[in-house]
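Structure, as structure tokens:
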Amino acid sequence: MSDETKIGVVILTMEDSDDTIECLASLARLKRYDVEIVLVANGSSDRCVMRIHGRFPTINVIRKDENVGFAEGCNAGIRAAIEGLGCTHIFLLNNDTVVQPDILDEMMYALNSAPGIAAVGAKIYFYDRPNTIDHVGGVMDSAAAIGTHAGIFEEDVGQYETVRECDYATGAAFFTSAEMMEKVGPFDPAYFNYFEDTDWCARARAMGLRIVVNPKAKAWHKISRTVNPLWTLYIDARNRGLYVWKNYPQNFDRFVDFYAADLCRLITKFERDKAYSRILALLMGFEDFCKGNFGKGRIDEVRGINPRFKPPLRTRARVRLVSMMAKRTPALLQKRIKAQVCKGRERWPAENAPPEKANAIRRKVTANT
């Protein structure tokens with residue numbers, strides 16, 4: 001370990017000061033390293049920030065007047081840590097986690113264990129089931145854009161104890177160096193929330209770098225306590241295709257088949273449950289995906305959906321029409337979904353594409369549409 005090693009711990013918070021205070025208390029027990037904590041107050045109220053800062057007056061606070069999303073919030077914290085505080089390494093941590101005292105030792109060990117490692121993830125447990133695993137590395141289906149956490153719901157009996165390679169490490173506990181952040185680039189704010197960590201890892205792997213998890217680096221996660229389920233449906237329907245388009249454009253036609261089938265399946269399920277608010281959130285995500293309306297998009301509008309579903313009459317009629325099609329003529333609905341996705345390709349942000357190889361494939365795919 002160099003005497004000049006300095007680790008910037010970047011945490012985002014909104015209004016969940018209790019979780020953030022518990023997270024910061026666990027960080028106070030960290031061992032050995034010179035650590036700077038950067039708290040990004042992502043649309044937090046003055047009261048929330050003052051409460052946290054009153055308990056931990058030495059942390060660095062960055063104020064954002066509104067929620068700029070996880071990706072851009074992390075980018076702001078990372079810039080402050082590297083450019084403003086001279087940090088050599090970055091540890092991204094969700095504010096609803098707690099960590100063991102030697103987590104940075106284990107993260108640093110794994111990062112330096114072999115050349116070409118871009119980032120390290122932790123073994124993450126469920127907070128309310130402290131010996132049940134949530135994550136020991138992510139596995140991503142690059143055609144369906146569906147990620148799975150290795151080890152999820154397994155009781156930890158020592159089956160994961162060595163450093164292991166994976167497709168992605170979740171941003172809930174994510175360790176890298178300033179050098180790798182500069183090489184791979186910042187998180188893409190087009191995602192706003194979700195897929196920004198898997199996208200970063202896909203870009204790193206496209207450069208020949210590796211993503212690993214060290215199971216001896218341990219954290220406990222309260223798992224999306226502050227996330228609105230309608231928001232999750234909206235973001236997932238919107239961001240999945242962007243991830244494939246950017247990183248695996250050669251798989252895009254296969255993705256559209258998976259995507260159309262998934263939307264029909266979910267709409268049918270929600271119609272059966274009379275969960276029309278969920279259908280609306282799903283359709284809004286689909287529409288914004290087709291329109292290239294990324295970034296914050298209509299997140300505030302989705303948050304405002306009445307769970308009992310009382311939108312304007314025209315919207316209600318459209319949702320019920322789509323629900324009926326999913327139930328009675330799913331093949332026709334899938335065909336329409338695929339046609340709208342393919343039509344929307346020209347609106348998507350080409351500047352988000354990383355390697356020139358992917359750009360060349362994308363141009364070929366678009367030309368053949």
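Summary of computed values
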item: Test for R63: is it out of contact with any Asp or Glu (no Cβ under 8 Å at 6 or more places or on another chain), basic (K, R) and in a helix (DSSP H, G or I); result: no
item: Search result, residues across region 347-369 that are at pLDDT 50 or above and under 18 Å from Y259 (Cβ atoms); result: R347, W348
item: Selection count where residues are in contact with a helix residue (DSSP H, G or I) (Cβ under 6 Å, 6 or more places away or on another chain), in contact (Cβ under 8 Å) with a residue 60 or more places away in the chain and closer than 18 Å to C342 by Cβ, scope region 219-242; result: 1
item: Test: residue in region 297-316 that is under 24 Å from K246 (Cα atoms) and assigned to a helix (DSSP H, G or I); result: yes
item: Matching residues, region 154-199, being assigned to a strand (DSSP E or B), closer than 30 Å to I299 by Cβ and in contact with a Ser or Thr (Cβ under 9 Å, 6 or more places away or on another chain); result: Y168, A173
item: Whichever residue in region 288-331 is farther than 22 Å from F70 by Cα and among the β-branched types (V, I, T) and, among such residues, is modelled with the highest pLDDT; result: V322
item: Residue count, region 42-60 (criterion: assigned to a loop (DSSP other than H, G, I, E, B) and either in contact (Cβ under 8 Å) with a residue 40 or more places away in the chain or over 24 Å from K6 (Cβ atoms) (or both)); result: 3
item: Unmet requirement for K216, which otherwise passes all of (1) in contact with a helix residue (DSSP H, G or I) (Cβ under 8 Å, 6 or more places away or on another chain); (2) more than 23 Å from G77 (Cβ to Cβ); (3) part of a helix (DSSP H, G or I); result: (3)
item: Where T268 falls short, out of the listed (1) among the polar types (S, T, N, Q); (2) farther than 20 Å from K327 by Cβ; (3) over 19 Å from the mean Cα position of the chain (by Cα); result: (2)
item: Qualifying position, being over 30 Å from E301 (Cα atoms) and either hydroxyl-bearing (S, T, Y) or outside the structural domain of I299 (by TED's automatic domain parsing) (or both), among E106, E72; result: E106
item: Scan of region 185-212 for residues that are touching a helix residue (DSSP H, G or I) at 6+ places or on another chain (Cβ under 7 Å), of a type in the set (D, E, K, R) and surrounded by fewer than 23 Cβ atoms within 10 Å (Cβ to Cβ), ordered by number; result: R203
item: Answer residue from region 259-295, given it is closer than 27 Å to K246 by Cβ and aromatic (F, W, Y) and is surrounded by the fewest Cβ atoms within 10 Å (Cβ to Cβ) among those; result: F294
item: Residue count for region 5-52, restricted to those that are modelled with pLDDT of 90 or more, of a type in the set (S, T, N, Q) and buried (at least 20 other Cβ atoms within 10 Å of the Cβ); result: 1
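The values are calculated or read from the model by the stated rules, or taken from the named source; none is laboratory data. Given the structure is predicted, the values throughout are model-derived calculations rather than measurements. Cβ sites come from the backbone with ideal geometry, for glycine too, and all protein chains shown count toward neighbours.
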